[in-house]
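Quick notes on the structure that follows.
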Amino acid sequence: GGAALPHTGGLELDMGNKVEPRMSVAATSGISHFVITDRGPKIVAPVEARTVANFDAYGLLLAGTTAALSIVFTSGANTLTIAIPRAQRIELADEDAGGILLDRHTWCLNASSGDDELTITEA
């Protein structure tokens, strides 16, 4: 389902990390360090809605398929790219932005190999 989604007002990146203390009697505070024990990364983006004929967002949600997702922010001189090898839509909600209908997409970020749910590159 490759498509350019140019009209968005923002992006939320939540790595969904669960952080737990590692206890130690040898440490003064009783805590040796902290460790990430679980994670569930996701991205949420409100995007200006389009007609089903141009982009069937609900059809893609219901299909549950994964696809590569690339999000590029640029000023013309600097570019920040978030690359996700396997994004899967898990939620889609409608929003009103001053009379403009938005589709609030939520993607679960799945690893394709190891822990490569996403990479962030600046150029």
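Quick one: what are the phi-derived ³J(HN,Hα) couplings along region 81-89, Karplus 6.51/-1.76/1.60 with θ = phi - 60°, whole Hz, x for glycine and proline?
10, 10, 10, 10, x, 9, 9, 10, 5
So which residue, out of Ala111, Ala26, Ala53, gets the largest mean-square fluctuation from a GNM of the chain using Cα contacts under 10 Å as springs?
Maximum fluctuation in the GNM of the chain, among the listed residues, is at Ala26.
May I ask you to rank Glu122, Glu95, Glu117 by accessible area, largest first, using a 1.4 Å probe over the protein chains only?
Details: Glu122 145, Glu95 60, Glu117 20 Å².
My answer, sorted largest first, is Glu122, Glu95, Glu117.
So what are the ³J(HN,Hα) numbers for region 47-55, from phi and the Karplus equation (6.51, -1.76, 1.60; θ = phi - 60°), rounded to whole Hz, Gly and Pro as x?
Whole-Hz 3J(HN,Hα) from phi for region 47-55: 10, 4, 5, 10, 5, 4, 5, 8, 6.
At 1.4 Å probe size, put Phe34, Phe73, Phe55 in order of accessible surface, largest to smallest.
Details: Phe34 130, Phe73 90, Phe55 25 Å².
Result, largest first: Phe34, Phe73, Phe55.
Which listed residue (Ile31, Thr79, Pro46) has the Cα farthest towards the positive end of the charge dipole for the chain, taking +1 on Lys and Arg C-beta and -1 on Asp and Glu C-beta about the Cα centre?
Ile31
Using a Gaussian network model on the chain with a 10 Å cutoff between Cα atoms, which of Leu60, Leu80, Leu11 fluctuates the most?
Leu80
For a quick size check, give me the Cα extents of region 1-104 along its three principal axes, largest first, whole Å.
63, 38, 30
When you take every Cα atom in region 18-64, what is the radius of gyration, and what is Dmax, the widest Cα pair distance, in Å?
Here Rg and the maximum Cα pair distance are 21.8, 64 Å.
Leaving out ligands, DNA and RNA, what percent of the accessible area of region 4-83 is carbon and sulfur, probe 1.4 Å? All intermediate terms of the calculation are to be shown ahead of the outcome.
Values: 3070 of 5410 Å².
With neighbouring chains kept in place, the figure for region 4-83 is 57 percent.
With +1 on the Cβ of every Lys and Arg and -1 on the Cβ of every Asp and Glu, and nothing else charged, how large is the dipole of the chain about its Cα centre, in debye rounded to the nearest 20? Spell out each step's value before the answer.
On the way: 8 positive and 15 negative charges, 57 e Å.
In total the dipole reaches around 280 debye.
Report the residue, chosen from Ile71, Ile82, Ile100, that carries the largest GNM mean-square fluctuation when the chain is represented by alpha-carbon nodes joined by springs under 10 Å.
Of the options given, Ile100 has the highest mean-square fluctuation.
The values are calculated or read from the model by the stated rules, or taken from the named source; none is laboratory data. Everything numeric here is computed off the predicted structure, so don't read it as measured data. Methodologically, a virtual Cβ is constructed for each residue, glycine included, from the backbone with ideal geometry; neighbour enumeration extends over all protein chains shown. Accessible surface is based on the protein model in full, side chains and every heavy atom, while ligands, DNA and RNA are left aside. Shrake-Rupley method; radii C 1.70, N 1.55, O 1.52, S 1.80 Å.
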